[in-house]
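Quick note: the coordinates plus some simple rules give every number you see, no bench work behind them. Just so it is clear, the model here is predicted, and its values are computed rather than measured. Backbone-built Cβ (ideal geometry, glycine too); neighbour counts: all protein chains shown.
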Amino acid sequence: MHAVILAAGEGTRMRPLTESIPKPMLPVADRPLVAHTADAAVAAGADRLVFVVGYEADRVRDHFGESYRGVPVAYATQDQQLGTAHAAAAAREHLDDDFVVLNGDDLYDEDALAALFERCPSVGAYTVDDPRPYGVFSIDDGQVTDIVEKPEDPPSSRVNVGAYHFPAEAADWLIEVDRSDRGEYEITDVLARVIATHDVSAVPVRRWLGVGRPWELLEANEWKLAELDRHVDGEVHERAELRGSIVVEVGATVDAGVVVEGPALIRSGADVGPNAYVRGATHIGKNAHVGNGVELKNTVVMQETNVPHLSYVGDSVLGERVNLGAGTQVANLRHDGEPVETTVKSERVSTGRRKFGVVAGPDAKTAINTSLNAGVVLSAGATTTPGESVLRDR
Ligand code: TTP
């Protein structure tokens, strides 16, 4: 079974983090986001992976090469992002039988993908409390009879999560769809045609996360860090304390006086301490530095980033090569206890989280004693001045 993985998206809702890394390559535990999808596809029995790439395509190619976990890998290029059907259509030359299509930025439980691979045609269906923002299925006795996009009055609570097992003839249908009202060639229109002509099984997805916005990257790390098996291969000082599920990769250093509460991952080349407090779920990327008197909680620190002295950073995402000046403090909670808002594509939106700190784009630098308010986004390369209180995006 060939698995087509859609990874050409730019990830505009994830900016500024995606200014240096394409969304599928953002770090989720010990591998890029899209590698979790690829791993699940391999575990489900994929005999070829076809990545559809576009934005920053080389980052994806360099990671997966020509073979991944013993499975041959091919690439198809989508130059313009004209929609998910358009993206999958780019992979047509690699398809010769029934095939699976998966979003490269969604996490699924592995059992669901195994069931999806077994049944053709089939589609992943996930149950949500409020289906209105999604494509919602009508389901009769386990068979999908219809899909309706963003309905006011949803026919069920089971929604589309971008996992499809299509029959061979659907490869041609990928290029036969019309543009939708929002101007894209949508794979759900192909699915609608498959539903109209075949019996399509609804495969229950027990756990799913679409990773589109920065706080969802935190949630993805919370999920996948919790699944890592504890192993300590780096250098840990005898006066450091590691509690719970913790991975210290080879080449990482944890100095005296550090307390780490899992789940936490300290990647190779990273250096933590002395005297730092790292609370789960925290990801400390390759060659990052977390120094004296720093407390990190539920935070993603991407590679080459420094938080060297006397800082608190909670529920935040720090992009690559960020530097926080001594004493930089992050607020992650509102006094009124309401969900923290942040900026996505220039609009203020609720994260739905009572606790959310900041998003720092690649190469952002704060000066000493900077205070960053909850929900603030620092753009790539942004700077602050000493003692500044940053209440709005920079
Ligand atoms: P989206 O999340 O809708 O798009 P995106 O990844 O570009 O993110 P944003 O909306 O923040 O800009 O895409 C769903 C999946 O399909 C995702 O895995 C990317 C992929 N995709 C393509 O490969 N090509 C496309 O033209 C589109 C629209 C999406």
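Between R132 and L82, what is the label-to-label distance in nm when each label sits 7 Å out along the Cα-to-Cβ direction?
It is 3.4 nm.
Roughly how many debye, to the nearest 20, is the charge dipole of the chain about its Cα centre, given +1 on each Lys and Arg Cβ, -1 on each Asp and Glu Cβ, and no other charges?
Values: 37 positive and 61 negative charges, 304 e Å.
The calculated dipole for the chain is roughly 1460 debye.
Once you have the Cα-Cα distance between T197 and E66, take 0.36 nm times their residue separation minus that, and quote the gain in nm to one decimal.
Result for the pair: 43.6 nm of gain on full extension.
Between L391, A364, I284, whose Cα lies farthest towards the positive end of the dipole of the chain when Lys and Arg beta carbons carry +1 and Asp and Glu beta carbons carry -1, centred on the Cα centre?
Highest projection toward the positive end goes to L391.
Using a cut-off of under 12 Å, list every residue of segment 62-95 whose amide N is near the label point 7 Å from the Cα of R48 along the Cα-to-beta-carbon line.
72-76, 91-95
Once R0 is set to 41 Å, what does the formula 1/(1 + (r/R0)^6) return for the Cβ-Cβ distance between A168 and D39, expressed as a FRET efficiency to the nearest 0.05? Before the final figure, lay out each step's value.
Numbers: r = 25 Å, r/R0 = 0.62.
FRET efficiency, A168 to D39: 0.95.
Summing +1 for each Lys or Arg and -1 for each Asp or Glu, what net charge is found among the other residues whose Cβ lies under 14 Å from the Cβ of A44?
Residues close to A44 contribute a combined charge of -4.
List the residues whose amide H sits under 5 Å from the amide H of I147, counting only those 5 or more places along or on another chain, with H placed 1.01 Å from N in the peptide plane.
Amide H to amide H, under 5 Å and 5 or more residues apart or across chains, I147 pairs with S138.
Based on DSSP, what percent of beta bridges with both residues in the chain are antiparallel, to the nearest 5? Mind showing how you got there, number by number?
Values: 30 of 96 bridges.
In the chain, approximately 30 percent of DSSP beta bridges are antiparallel ones.
Which ³J(HN,Hα) values in Hz, rounded to whole numbers, follow from the phi angles of segment 122-128 under the Karplus curve 6.51 cos²θ - 1.76 cosθ + 1.60, where θ = phi - 60° and Gly and Pro get x?
These are the phi-based 3J(HN,Hα) values: 8, 8, x, 10, 10, 8, 10 Hz.
Please report the antiparallel percentage of DSSP beta bridges with both residues in segment 241-333, rounded to the nearest 5.
Roughly 0 percent of the beta bridges in segment 241-333 run antiparallel, per DSSP.
Can you give the calculated 222 nm mean residue ellipticity of the chain, where each DSSP H run of n ≥ 4 adds -39,500 (n - 2.57) and the sum is split over every residue, rounded to the nearest 500 deg cm²/dmol?
Result for the chain, helices only: -4500 deg cm²/dmol.
Counting other C-beta atoms within 10 Å, which of S201, S379, S311 has the fewest, and how do the rest follow?
The most exposed by this proxy come first: S379, S201, S311.
How many nm separate the modelled label positions at V259 and I368, each set 7 Å beyond the Cα in the direction of the Cβ?
Spacing of the two 7 Å Cα→Cβ label points: 2.8 nm.
Under a plain spin-label model, where a point goes 7 Å from the Cα along Cα-to-Cβ, how far apart in nm are D146 and A74?
Using points 7 Å along Cα→Cβ, the separation is 3.7 nm.
If the chain between E241 and D58 were fully stretched, how many nm would it gain, using 0.36 nm times the residue separation less the Cα-Cα distance?
Full extension of this stretch gives 61.9 nm more.
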